[in-house]
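Worksheet: the structure to be examined is printed underneath.
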Ligand SMILES: [Zn+2]
């Protein structure tokens, strides 16, 4: 499996795939370890008929994320101290395509934690700020930053924010995250009886 999807945005040096999977096309190069990387900033094009991958650089430079910009990140993989994310200017782009890769270190949480798992989990969506890059270093320190979409660790259903905490509308499980005030799924006002 390539590390990127068709339509993703990448920066120079970003890992695309290993050479056994796809042949390097324009805008890419193979490094000494057999890893194909982006040579330029641009959009990933994967050709599954000819098994090639390329990066198209048209208008790519002005699309690069800027330091201090508030952006959205999907958590792809994580350990206790470091998370690998896909990052873009909108939640939709972070989840589907046109995303860059980035990392979040445990020192960049909004409050201290023993593990990144106290703040968020794989597959979840975050509002973050760019520190530097590419490669993008991201932080959760700042107003309105944090988790904006999380999933139940018991049943996988999206969690709903109820009275400042996260609750599963499917199984009732309650969980904690480092939440953004802009969390997407909020419980509506209590219904009045007629
Ligand atoms: Zn649940």
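Quick notes on this structure:
- Note on residue 52 and residue 115: their simple-model spin labels are 4.5 nm apart, each label 7 Å out from Cα toward Cβ.
- Note on 3, 120: ascending count of other Cβ atoms within 10 Å places them as 3, 120, the fewest first.
- Packing-based exposure ordering (other Cβ within 10 Å, fewest first) of 100, 117: 117, 100
- Most fluctuating residue given options 176, 93, 74, as computed from a GNM of the chain linking Cα atoms under 10 Å: 176
- Structural descriptor for the chain: relative contact order 15 percent, calculated from alpha carbon pairs under 8 angstrom and at least 6 residues apart.
- Comparing mean-square fluctuations of 69, 124, 54 from a GNM of the chain with C-alpha springs under 10 Å, the top value falls on 69.
- Cα centroid separation, region 6-76 to region 90-131 (Å): 20 Å
- Across region 33-112, the convex hull enclosing all Cα atoms gives 140 Å³ per residue.
- Relative exposure of 44, 174, judged by other C-beta atoms within 10 Å (fewest first): 174, 44
- Percent of Cα pairs exceeding the 20 Å cut-off, where the set is region 61-194: 43 percent
- Using the Cβ-Cβ distance between residue 63 and residue 131 with R0 set to 22 Å, the FRET efficiency from 1/(1 + (r/R0)^6) comes to roughly 0.75.
- Within region 116-183, percent of DSSP bridges classed antiparallel, to nearest 5: 90 percent
Any read-out appearing in this document is the output of simple, stated calculations on the displayed coordinates, not a laboratory observation. For clarity, every value in this text was computed on a predicted model and none was experimentally measured. We place every Cβ from the backbone using ideal geometry, glycine too, and count neighbours over all the protein chains shown.
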